[in-house]
Amino acid sequence: MNKREIADVLNEIATLLELKGENPFKIRAYSNGARKLETLEEDLDTLIEEGTLGDVPGFGKALVEKIETLAKTGSLEFYEKLKASVDPGIVSMLEIPGLGAKKIKSLHEILGVSSIEELQEACEANRVAELKGFGKKSQDKIAEGIKNREAYGKRHLWWNARAVAEPILEGLQALPEVERASHAGSFRRKREHVGDLDFIVASSNPGPVMDWFVAQDNIREVTAKGDTKASVRFESGLQADLRVVPSEQFSFALHHFTGSKDHNVLLRQRALSRGYSLSEWGLKSVDAESFEESSLKADSEEDIFKHLDLQFVPPELREGLGELEAAESDGFPELLEVSDLKGTFHNHTTSSDGRASLEEMTEAAQARGWEYWGVADHSKASFQANGLDEERLLEQIERIEELNASKRLSTHVFSGNECDILPDGSLDIDESILMKLDYVVASIHSSFSQSEEEMSARIIRAIENPATTMLGHLTGRLLLRREPYSVDTHKIVDAAIANDVIIELNANPYRLDMDWRFWRKAAEKGLATSINPDAHAPEHFDFVEAGVNVARKGWLTAENVVNTLSLPEVVEVLARKRPHLKG
Ligand SMILES: [Zn+2]
Ligand SMILES: [Zn+2]
C-alpha cells in the first residue's frame, strides 16, 4: 500500500472507533496520523527501510507498527476485526453527506436506527427533529442528504461525462499557471460509463488553479480543497477531482491516475523485476538512497514505458488484459480511428421511428464526407416504431434507387432493413423481399425473457438465414437502464463467423453492444464488425465516436471493420450474399 491508501485506512479506523464510542484521544491519534502521513515530505518506503518512521513527531509506537504492516502486506488484522465489529448498516450511514460518526452514534443509540432506510423513516416520522442536538433544520438536511446520495451513487455514461469533462480540460489548459493538463482515470480509458472525472495538472503555482477549479459554473458542492488537491460535485451528481503536481511528476501522476488498478499492478511488478519501484511520484531504483537522486526522468508517458522496455500502451488498452505482453513485442495493433470510417449501416428515417427524412440523412452523411450510408428502418413486428411491411419496404427501395440515380448527392445510399428476429428465430419479412435489399440487420426487439438456451438458438437461426448480413445490438442492453437478455455470446460469435455474418458494434452510447470485452478474441477468430450509430437523427451519426472508443478497447483495427472499406469494396462484401449487387 502507498501513503495515501494507508492514510485512508487510518481515517477509516478513526471513524469506526468513533462509531463505537471509543476514547477520543485514541480516535484523534489515528486521524492525526492519517493527516501527518498525507503531508509527509520524506519517502515512506525509505523511512521504513531505515527504521526511522518512529522519529517523525506524532507517530507513536502502535501507529508505526500498523503503518509498516499496511505498507508491507496491504492488510491489518486490527482493522479487519474492527470493521467486522460494526454493523454495516450503521457504517453505510456515513455515505450521507454532512452526517458524521458522532451524530450517527446518537441516532443509533437513541432512535435505534441501524440503516439508511430506517433513518429515512425516522426523518419522515419527524423523530429526528425532536431529538436533542438535532432539530428540524438538521432533519431536513439529513433527508436531503439521503436523496442526494442516490444521485451521487449513480454512474455516468462516458458520452454524458464528456460534456462535463471537455470544458474543464479546456479551462485548465487556458490558465497561465498551467504547464500541462490532462484528464485521467476511467474517462481517459474510455470506459462505457464512469464514476467520476480525474484531472492532472502540472504547475509550479497551484493556488490559482485550485481557485479556478472550485469556482466553476454548475458546481453543487466543493467536497474538498487543499493546496494541491480538490474535489467538486456538479449539479448532475458527477464528481471531478483535480491534482496539481510539479512538472517532473506529471507523466508519472498521469499514468498512475489513468489506471486501471490491474494495469498499474502489472506494470509495478515489471518495474520491480527490473530493480525499480514505480509510483505516482516517479520511477526510482529500489537500491537508491534517496528518491531525488535515483528517479528516472519521463517527459511523457511514452518515456515511462520506454524505461521498462515497452511500447506505449494506449490508455484504452490499460485494463490488465494482456496489453503488456503485446507492448513487449512489435505486434501492437494500430487501433481504429473515427477518420477510418467511410460510411455506416443501421440508421433510421421518418419511414419508421427516425426524426429525419431519407434526403436529410443523406445530406448529413455527405456533410461528414462519407462515401455511403445505409437505411435500416424497422420491420412490421416493431409496430410501436412504425415498422415497414413488405409493401412499404418495396416503395422505400424504389425511392432510394431514385435518389441514387439522380446523382443529386455524392453519398451512395444502401437499402437495408432492421428486420425483427421473431421469437422462433424466423425473420419478420418475407425472404424474397429481403433479398431485394442490399443488406439486412437482424435484431431482437421482443420476448426478452426467453432462457439463454432459447435466446441463443433464436439468434443462431437468424444468423443462418441466408438473407441476414449482420446482427444488431447482440444483447439488447441499455447501459445503466436495462440489463442484457441472456445469450451465449461465444456460440453466437462462432455461428456468425461460420455463416459470414457481421456482428455490429452498436455505437449508441447506451448500447455499445457487442461488449468490448469480447471483441479481441472474436476478431482474432475472424469475426468482422460494423460501427453502427443506430442513428434516429442526423446528429446521431456522432455516436460512431462512442463506438470507435469501445472498438479500440476491444483491440479492433480498421481491418476488422467493414465500414472502413471504400464504396466498391463494401459492395463486394455485401454481394457475397446478394449477387445482384455486382450486376
Ligand atoms: Zn434495434
Ligand atoms: Zn435500430
From the cross-link list K436/K577; K3/K306; K20/K229; K26/K72; K83/K261; K3/K261, which pairs have alpha carbons spaced over 21 Å apart?
-> K3/K306; K20/K229; K26/K72; K83/K261
For D488 paired with R392, estimate the spin-label separation in nm (one decimal), with each label point 7 Å from Cα along the Cα-to-Cβ line.
-> 3.7 nm
Per the 1/(1 + (r/R0)^6) rule, R0 = 60 Å and r from the Cβ atoms of E77 and E334, FRET efficiency to 0.05 is 0.75
Given a Förster radius of 56 Å and the C-beta distance between R4 and E130 as r, what FRET efficiency does 1/(1 + (r/R0)^6) yield to the nearest 0.05?
-> 0.85
Order of T489, T228, T469, T564 from fewest to most other C-beta atoms within 10 Å?
-> T228, T489, T564, T469
Classified through the alpha carbon gyration tensor (a ≥ b ≥ c as square roots of its eigenvalues; rounded if a/c is under 1.5, else prolate when a/b is larger than b/c, else oblate), the chain comes out prolate
When only C-alpha pairs under 8 Å and at least 6 residues apart count, what is the relative contact order of the chain, in percent?
-> 9 percent
Considering only G185, W212, Q173, whose Cα is most displaced toward the positive end of the charge dipole of segment 156-245, charges sitting on Cβ of Lys, Arg (+1) and Asp, Glu (-1)?
-> G185
Would you mind classifying segment 513-583 by shape? Square roots of the alpha carbon gyration tensor eigenvalues, ordered a ≥ b ≥ c; an a/c under 1.5 is rounded, otherwise it is prolate if a/b is larger than b/c and oblate if not.
-> oblate
Find how many whole Å separate the alpha carbon centroid of segment 39-63 from the alpha carbon centroid of segment 212-252.
-> 29 Å
Run the numbers on segment 138-271 and let me know its relative contact order in percent, using alpha-carbon pairs under 8 Å that are six or more apart.
-> 23 percent
Output the relative contact order of segment 367-415, whole-number percent, from Cα pairs under 8 angstrom with separation of 6+ residues.
-> 49 percent
dims of segment 3-152, Cα set, principal axes, largest to smallest, nearest Å -> 58, 29, 24
The answer for D198, listing residues at least 5 apart or on another chain whose modeled amide H is closer than 5 Å to its amide H, is A184, F187, D241
Helix 3-19: inclination vs the chain longest Cα principal axis, degrees, rounded to 10, gives 70 degrees
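Compute, for segment 476-532, the length of the dipole vector about the Cα centre, with Cβ point charges of +1 (Lys, Arg) and -1 (Asp, Glu) only. Units Debye, rounded to 20.
Charge dipole, segment 476-532, about its Cα centre: 220 debye, nearest 20.
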Calculate one ³J(HN,Hα) per residue across segment 171-187 by plugging θ = phi - 60° into the Karplus curve 6.51 cos²θ - 1.76 cosθ + 1.60, and present them in order as whole Hz with x for glycine and proline.
-> x, 4, 5, 7, 6, x, 6, 8, 7, 9, 8, 8, 7, 9, x, 5, 4
What is the fewest-to-most order of T411, T46 by other Cβ atoms lying within 10 Å of their Cβ?
-> T46, T411
Pop the C-beta distance of E179 and K26 into the FRET formula with R0 = 30 Å and round what comes out to the nearest 0.05.
-> 0.10
Return the aspartates and glutamates within reach of K141: Cα separation strictly under 13 angstrom, same-chain partners fewer than 8 residues apart disregarded; answer none if there are no such residues.
-> E124
Dipole axis of the chain (+1 Lys, Arg; -1 Asp, Glu on Cβ), positive-most option in G74, Q269, I13 = I13
Farthest positive-ward along the chain dipole, Cα basis, beta-carbon charges - from L321, L131, A546 | L131
Can you tell me the dipole magnitude for the chain around its Cα centre, using point charges on the Cβ only (Lys, Arg +1; Asp, Glu -1), in Debye to the nearest 20?
-> 1500 debye
Computed magnitude of the charge dipole of segment 156-245 (debye, nearest 20; Cβ of K, R +1, Cβ of D, E -1) | 340 debye
Inter-part gap, Cα centre of segment 122-196 to Cα centre of segment 555-570, in whole angstrom, is 40 Å
Length gained, L296-D262, 0.36 nm per residue minus C-alpha separation, equals 9.9 nm
Which angle from 0 to 90°, rounded to the nearest 10, does the C-alpha axis of helix 61-73 make with the longest principal axis of the chain?
-> 20 degrees
Difference of contour (0.36 nm per residue) and Cα-Cα distance, E360 to L567 = 72.5 nm
Would you work out if segment 338-582 is rounded, prolate or oblate? Take a ≥ b ≥ c from the square roots of the eigenvalues of the alpha-carbon gyration tensor; rounded if a/c is under 1.5, else prolate when a/b is larger than b/c, oblate otherwise.
-> rounded
Write down the percent of antiparallel bridges among all DSSP beta bridges whose residues are both part of the chain, to the nearest 5.
-> 50 percent
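Read-outs throughout are calculated quantities, based only on the coordinates presented, and are distinct from any laboratory measurement. Computed from a prediction, not measured in an experiment: that's the story for all the values here. With ideal geometry, Cβ positions are generated from the backbone for all residues, glycine too; neighbour counts draw on all protein chains shown.
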